[in-house]
Amino acid sequence: MKAGIVTFPGINRERDMAIALEAVCGKKPRMIWHTETDLSGLDLVVLPGGFSYGDYLRCGAMAAQSPVMGAVRQHAARGGYVLGVCNGFQILVEAGMLPGALLRNATLRFISADCHLRVERTDTVFARHYQRGQVFRAPMAHGDGNYFADPATLDRLEGENLVAFRYATQSGEITEAANRNGSARNIAGIYSENLRVLGLMPHPEDLVDPLMGGTDGKPLFEGLAVALPACS
Amino acid sequence: MEREVNQSLARDFGLSADEYAKVLDILGRTPSLTELGVFSVMWSEHCSYKSSRVWLRQLPTKAPWVVHGPGENAGVVDIGHGLVAVFKMESHNHPSFIEPYQGAATGVGGILRDVFTMGARPIANLNALRFGNPALPVTRRIVDGVVRGIGGYGNCVGVPTVGGEVNFHPAYDGNPLVNAMTVGVAPRERIFLSAAAGVGNPVVYVGSKTGRDGIHGATMASAEFGSDAEEKRPTVQVGDPFTEKLLIEACLELMATDAIVAIQDMGAAGLTSSSVEMAGKGGVGIELDLDRVPQRETGMTAYEMMLSESQERMLMVLRPDREETARAIFAKWELDFAVIGHLTDSGRIVVRHRGQVEADIPLAPLAEQAPLYHRPTAETPKQPILNAARIEDRYGLGRALERLVACPDLCSRAWIWDQYDALVGGQTIRRPGTADAAVVKVEGAPIALALTTDCTPRYCAADPEEGGKQAVAEAWRNLCAVGARPLALTDNLNFGNPEKPEVMGQFAASIRGMAAACEALSFPVVSGNVSLYNETNGRPILPTPAIGGLGVLEDASRSVGIALRPWLDLVLVGATRGWLGQSLWLREIAGREEGAPPPVDLQAERAAGEFVRAQIEAGAVRACHDVSDGGLLVAIAEMAMAGGVGARLFTGPRDVPQHAFWFGEDQGRYVLAVGDAPELIRAAERSGVPAMRIGTSGGRDLTLPDGGTLPIARLREAHERFFNEWIGA
């Protein structure tokens, strides 16, 4: 798998993501500055977490206008894979590559805590190493992760089975208490229609090493490494 | 209109009559407004340490592993593998009272700059916070603002906030303390210092533009507050963490080249202190052309630019042939980059603006003739040692425990740390609340750093010398408790008005105690900050010498946390006399704040800490927690709550009253959860360290020696109640 990580000014989890990708691929991903426009040769483009442009405007709104985003769109149109985590998810939504919006957390506070995610489908390159209905732990760290879309869009996402992960209890129940940021229908991550673009708020890349308290996030990256060609 | 410069204006600027006379003497004429501004901030308490310097000299600052002690932007210690840790703690108390969010946020920003200025990538932030009486609505507003400010800045800039401490006491009602600590890591051979060199070399300004914010902030921080504190809001700076993040990346990118001769952040007293200190340390002169300073506002005067404390700015001296390399890096990060002057051989700072010389001051006397005061001190009267047997326990162990774990000083801090990103960077091994010290992996080496902040102000108030000793010992103990070898500390000395002998006496005694502990524990001070005049309307805070400790684990995978696991023995290490004076049990349960605080036996402290560390390194310890606020039973309850596992406790020794055994705050103690208690106790005997088996773990309840039983779930609920009910979700 040839992976690249896009760095916008203010992004701060690009190093975490690079560590996770290197752990499964054995080689360093390409780091892409936001002014670059050539993404040829990459299987996977990652938009990592952080505070692009300080989140001073709506989260992700500025980065979505960066030169690199045209190339990310083309990459996706060519059938390339895109993973957006946290601020990366917000950028994908602002760029119109995924539907909906990410509003201020219902608590009106930044939330930095582990959550549990239920895997809603496993026939994708991102989730193939999880079991359907499996629950895994992932740290969240965001102020604006409250997923919102109009009811028709939510119905369509669910009807087309495009919900990737939902906030759940440790035993997999979808409850309000498990949904700390207040997301519509407990949605933590969604796919594009072709299942090649995934956006999610929590950070599987921060849980890939037993030393850091667990490896719950590792199957996501292992699944990608195995599924995508030319992985070495 | 500019005001006429005379003694009255000098007084408004915080200079005494003697100090102003010295200015006239140095210059041989009346200073310009800009010059008066420069003298007043450089000679402010905040920048000159004029009341504290004579005492600070007593602190041990050397050890074989210390690379740079106090005097640089931050302390530097060798952590092996060709790497150094760079760290410092600094206060932002006054601004945080006036404007909690921005005050706390810019406190984080400022301490970050002190660390990456030296070439280190910041890998962790911590903080030590003291707030007033929780019953006051203003306290809630300040807590909320400070926590949001620390999170807002730290989360955005992408440095994990991994630890800290919080206390409440009415003495902080009008004067909260916000002490922020940053730790960074750098290659040992790539440390950047601030001494300028090379006559003719360009002086370069990078980062944010200069505005009128924070003018005279250092002077504001050197005076006590009256009821007009709110009117001082314009002296508080506004933070821009996004620019700080860019500045970190741009500086580290530039530091990978050989372009930088010297670098310093523009912190307190902004352009004034950075230019004066860089040139002064290098023994050169400096000329600045203020017309070239990037400005956010129009019509700024030389005085305003020299004294502005706009944030996220750095001053550098570059090699002239590398100017373009540097310019290109800052252009990439879209930050301002301006050559605003050059070094000279004049030994003077000369400031020009619109064709006029606005300041021309000889640097040597500015530094050497800075005021230095031996202020009078008055000893704090000793308090009596309380006899635990004479203090009746009307509460019983269970009820007292339930109440203690719920009190503001002991309750769960999850509400706070849930607002701080503790994981960004992907190196956090032990998160807040899971261990006595945060543990952060060092990238590219098998080691980890252990980090903690500690101080027990009520002990310091009762006996500043013992309190100073205890603060250092507790930081050292917390590092040992995770298995780390303590290396060095940074201090943040928060006190009241030094012109009052009783306050200066607290300061002097605290330093004495700290110095004794640093010496006995081989735990030197490598950086620090003094914050005086922490008073509002004449009421000083409790003396608060906050300690930020740093230790190293040679094997990052060997750290232990506090979470109890089932089917283990609980062993108490260290001696227990049942010391109730100044304990939280005495305050919260018996309603008394009195008595001498627990003394620290530094020899016993060292022996116990080294024993515990050796046992952790040998893999014999499954969980470890030091015994501090609240005493032994609270420590065990915290271990039980963290692990979700109960324990059955044995009856304590007959020669100590039960409530004093379980709630006394005797120092130098740890609770260890181990698989083989007899073996551990034999090892302790061989090391001359007291150790006794006090219980076993398992189940879902805490079974007390008086027969009472407390479900862990109920304890947790009590533990988490305070913040949730006080400020709400």
Quiz item: Do any strands (runs of 3 or more DSSP E) entirely within the stretch A:1-49 hold 3 or more residues that are crowded, with 19+ Cβ neighbours inside 10 Å and more than 9 Å from chain B (Cβ to nearest Cβ), and if so, which?
Solution: A:3-7, A:44-47
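Looking at this structure, is B:Gly561 among the small types (Gly, Ala, Ser), in a strand (DSSP E or B), closer than 26 Å to B:Gly164 by Cβ and within 26 Å of the chain's Cα centre (by Cα)?
Considered against the rule, which asks whether it is among the small types (Gly, Ala, Ser), in a strand (DSSP E or B), closer than 26 Å to B:Gly164 by Cβ and within 26 Å of the chain's Cα centre (by Cα), B:Gly561 comes out as no.
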Quiz item: Does B:Ser208 satisfy being touching a strand residue (DSSP E or B) at 6+ places or on another chain (Cβ under 6 Å), of a type in the set (S, T, N, Q) and modelled with pLDDT under 95?
Solution: yes
Practice problem: Search the stretch B:314-336 for residues being within 14 Å of chain A (Cβ to nearest Cβ) and aliphatic (A, V, I, L, M), and hand back the single one that is farthest from A:Ile32 (Cα to Cα). | Solution: B:Leu335
Exercise. For the stretch B:453-462, indicate whether the set of residues that are part of a loop (DSSP other than H, G, I, E, B), in contact (Cβ under 8 Å) with a residue 12 or more places away in the chain and not aromatic (Phe, Trp, Tyr) is non-empty.
Key: yes
Quiz item: Does B:Val162 meet the test of being within 14 Å of chain A (Cβ to nearest Cβ), assigned to a helix (DSSP H, G or I) and in contact with a Phe, Trp or Tyr (Cβ under 9 Å, 6 or more places away or on another chain)?
Solution: no
Practice problem: For A:Ala113, indicate whether it is more than 14 Å from the chain's Cα centre (by Cα) and within 14 Å of chain B (Cβ to nearest Cβ). | Solution: yes
Exercise. Output the residue which, of all residues in the stretch B:401-425 that are touching a Phe, Trp or Tyr at 6+ places or on another chain (Cβ under 6 Å) and within 13 Å of another protein chain (Cβ to nearest Cβ), is surrounded by the most Cβ atoms within 10 Å (Cβ to Cβ).
Key: B:Gln419
Quiz prompt | Matching option when the condition is under 20 Å from B:Leu397 (Cβ atoms), charged (D, E, K, R) and crowded, with 17+ Cβ neighbours inside 10 Å, among B:Asp655, B:Asp626, B:Asp706, B:Asp701 | solution = B:Asp701
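Results for (1) out of contact with any Asp or Glu (no Cβ under 8 Å at 6 or more places or on another chain); (2) in a helix (DSSP H, G or I); (3) buried (at least 24 other Cβ atoms within 10 Å of the Cβ); (4) within 14 Å of another protein chain (Cβ to nearest Cβ), shown as yes or no for each residue.
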position	(1), (2), (3), (4)
B:Asn125	yes, no, yes, yes
B:Thr139	no, yes, no, no
B:Gly149	yes, yes, yes, yes
B:Gly154	no, yes, yes, yes
B:Asn175	no, no, yes, no
B:Gly184	yes, no, yes, no
B:Ala196	yes, no, yes, no
Quiz item: Looking at (1) within 15 Å of A:Met140 (Cβ to Cβ); (2) away from chain B (no Cβ under 13 Å); (3) among the acidic types (Asp, Glu), can you tell me which one A:Glu222 breaks?
Solution: (1)
Practice problem: Among the residues of the stretch A:125-166, write down those that are in a loop (DSSP other than H, G, I, E, B) and surrounded by 17 or more Cβ atoms within 10 Å (Cβ to Cβ). | Solution: A:Val125, A:Phe126, A:Ala127, A:His129, A:Tyr130, A:Gly143, A:Asp144, A:Gly145, A:Ala149, A:Leu162
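Condition check ((1) without any contact (Cβ under 8 Å) to a residue 12 or more places away in the chain; (2) within 14 Å of chain B (Cβ to nearest Cβ); (3) surrounded by fewer than 17 Cβ atoms within 10 Å (Cβ to Cβ); (4) of a type outside the set (D, E, K, R)) across all residues:
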| position | (1), (2), (3), (4) |
| --- | --- |
| A:Gln170 | no, yes, yes, yes |
| A:Glu176 | yes, yes, yes, no |
| A:Arg185 | no, no, yes, no |
| A:Ala188 | no, no, no, yes |
| A:Met212 | yes, yes, no, yes |
| A:Val226 | no, no, yes, yes |
Quiz item: Can B:Ala450 be described as buried (at least 22 other Cβ atoms within 10 Å of the Cβ), in a helix (DSSP H, G or I), touching a Ser or Thr at 6+ places or on another chain (Cβ under 9 Å) and hydrophobic (A, V, I, L, M, F, W, C)?
Solution: no
Self-check item: In the stretch A:94-113, residue surrounded by the most Cβ atoms within 10 Å (Cβ to Cβ) [restricted to those that are farther than 18 Å from A:Gly60 by Cβ and in contact with a strand residue (DSSP E or B) (Cβ under 8 Å, 6 or more places away or on another chain)]
Solution: A:Ser112
Exercise. Kindly check whether there is at least one residue in the stretch A:70-87 that is closer than 27 Å to B:Cys156 by Cβ, part of a loop (DSSP other than H, G, I, E, B) and touching a Pro at 6+ places or on another chain (Cβ under 8 Å).
Key: yes
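Go over the candidates B:Pro446, B:Pro464 one by one and state the one that is farther than 23 Å from B:Pro160 by Cβ and more than 10 Å from every other protein chain (Cβ to nearest Cβ).
After applying the criteria, what remains is B:Pro464.
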Quiz item: When you scan the stretch A:50-69, how many residues do you find that are within 12 Å of chain B (Cβ to nearest Cβ), surrounded by fewer than 22 Cβ atoms within 10 Å (Cβ to Cβ) and in a loop (DSSP other than H, G, I, E, B)?
Solution: 3
Quiz prompt | Residues of the stretch B:426-436 classified as within 7 Å of chain A (Cβ to nearest Cβ), touching a residue at least 60 places away in the same chain (Cβ under 8 Å) and of a type outside the set (A, V, I, L, M, F, W, C), total | solution = 1
Quiz item: What are the residues in the stretch B:175-201 that are under 22 Å from the mean Cα position of the chain (by Cα) and over 22 Å from B:Ala85 (Cβ atoms), if any?
Solution: B:Asn175, B:Pro176, B:Leu177, B:Val178
Practice problem: Provide a single number: the residues in the stretch B:232-275 that are of a type in the set (Val, Ile, Thr) and in contact with a Cys (Cβ under 9 Å, 6 or more places away or on another chain). | Solution: 3
Quiz item: Within the stretch B:334-377, how many residues turn out to be assigned to a strand (DSSP E or B) and either of a type in the set (Phe, Trp, Tyr) or over 22 Å from B:Leu315 (Cα atoms) (or both)?
Solution: 2
Practice problem: State yes or no: is A:Leu103 away from chain B (no Cβ under 14 Å), within 27 Å of B:Ala250 (Cα to Cα) and not charged (D, E, K, R)? | Solution: no
Self-check item: Residues of the stretch B:513-535 classified as part of a strand (DSSP E or B) and over 16 Å from the mean Cα position of the chain (by Cα), total
Solution: 1
Quiz item: Can you find a residue in the stretch B:385-400 that is surrounded by 15 or more Cβ atoms within 10 Å (Cβ to Cβ), of a type in the set (Lys, Arg) and either over 30 Å from B:Arg141 (Cβ atoms) or modelled with pLDDT under 95 (or both)?
Solution: no
Practice problem: Test B:Ala302 against the criterion of being surrounded by 20 or more Cβ atoms within 10 Å (Cβ to Cβ) and in contact with a His (Cβ under 6 Å, 6 or more places away or on another chain), and give yes or no. | Solution: yes
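Going by the conditions given, is B:Ser510 free of Cβ contacts under 8 Å to residues at least 40 places away in the same chain and assigned to a helix (DSSP H, G or I)?
no
The values are calculated or read from the model by the stated rules, or taken from the named source; none is laboratory data. Keep in mind it's a predicted model, so treat the numbers as computed, not measured. All Cβ positions, glycine included, derive from the backbone under ideal geometry; neighbour counts span all protein chains shown.
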